[in-house]
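The values are calculated or read from the model by the stated rules, or taken from the named source; none is laboratory data. Note that this is a predicted model, so its numbers are computed, not measured. Here Cβ is always computed from backbone atoms with ideal geometry, including for glycine, and neighbour counts include all displayed protein chains. Surface areas here come from the heavy atoms of the whole protein model, side chains and all, with no ligands, DNA or RNA. Shrake-Rupley method; radii C 1.70, N 1.55, O 1.52, S 1.80 Å.
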Amino acid sequence: MEAQPGSTENTQLLMESLDQKVALLYEYQCIMASYSAIQRDYGCGEKLSEVEVHTLGFIYDTEGISAKQLAADTIRTKGAVSQILTKLEQKGMIYRESVPDNKRMNYIYTTDKGKLACRVHRSYDRDRMMVMMNQLLMKCSADEIDSFFKVLGCRVEIVRREIR
């Protein structure tokens, strides 16, 4: 016998389902946080974390960005961005140019080494995404995968609004 809408049994089933979804989402976030911290050589001869290489890619796409703008655009604190920039600078991936009117502000650019790292990383990401898509297609339909990415995009919008 199926639970009637509005019944206590139906409410309990809904709550159990929500609890399972919350637990799965949290597990996913924990796994991704650990995964993102792993240092990898994406094919450029330098080990970078996902956070570093994606920040580098953001700089590559917006050459001359300020650290303040980078922090705002990537939803990171200025301190976190400063630490990432220091690491990228030490690895020879970026350089900073002072703003003539404001000695405390810098514009950030990628070096040739940084540009190469961006290109090989993007190739790496495309290859890994194809592998993942093929693995997903073994258990999910193409429509289900598209729906997942639609929902993921909507979730990003919702959470982005909440943290700004």
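What to note about this one:
- The residue of region 112-121 that is nearest to Leu70 (Cα to Cα), among those that are open to solvent by 30 Å² or more (accessible area, probe 1.4 Å) and free of Cβ contacts under 8 Å to residues at least 60 places away in the same chain, is Lys115.
- Extreme residue, nearest to the chain's Cα centre (by Cα), among residues of region 55-80 that are over 13 Å from Asn106 (Cα atoms), touching a residue at least 24 places away in the same chain (Cβ under 8 Å) and not in a loop (DSSP other than H, G, I, E, B): Thr55
- Options Arg160, Arg126: the member that is at pLDDT 95 or above, closer than 30 Å to Gln69 by Cβ and exposed (fewer than 11 other Cβ atoms within 10 Å of the Cβ): Arg126
- Ile59 passes every criterion in (1) farther than 19 Å from Tyr35 by Cβ; (2) touching an Asp or Glu at 6+ places or on another chain (Cβ under 8 Å) apart from (2).
- The set of residues from region 18-49 being touching a Phe, Trp or Tyr at 6+ places or on another chain (Cβ under 7 Å) and open to solvent by less than 40 Å² (accessible area, probe 1.4 Å) comprises Tyr42, Leu48.
- Breaking point among (1) over 24 Å from Arg155 (Cα atoms); (2) in a helix (DSSP H, G or I); (3) touching a helix residue (DSSP H, G or I) at 6+ places or on another chain (Cβ under 8 Å); (4) open to solvent by less than 60 Å² (accessible area, probe 1.4 Å), for Thr86: (3)
- Meets criteria (small (Gly, Ala, Ser) and under 16 Å from Lys115 (Cβ atoms)) for Gly79: no
- Here Tyr107 clears all of (1) assigned to a strand (DSSP E or B); (2) within 29 Å of Glu46 (Cβ to Cβ); (3) free of Cβ contacts under 8 Å to residues at least 24 places away in the same chain; (4) not β-branched (Val, Ile, Thr) except the condition numbered (3).
- Residue list for region 58-75, filter: farther than 22 Å from Leu116 by Cα and buried (at least 17 other Cβ atoms within 10 Å of the Cβ): Ala71
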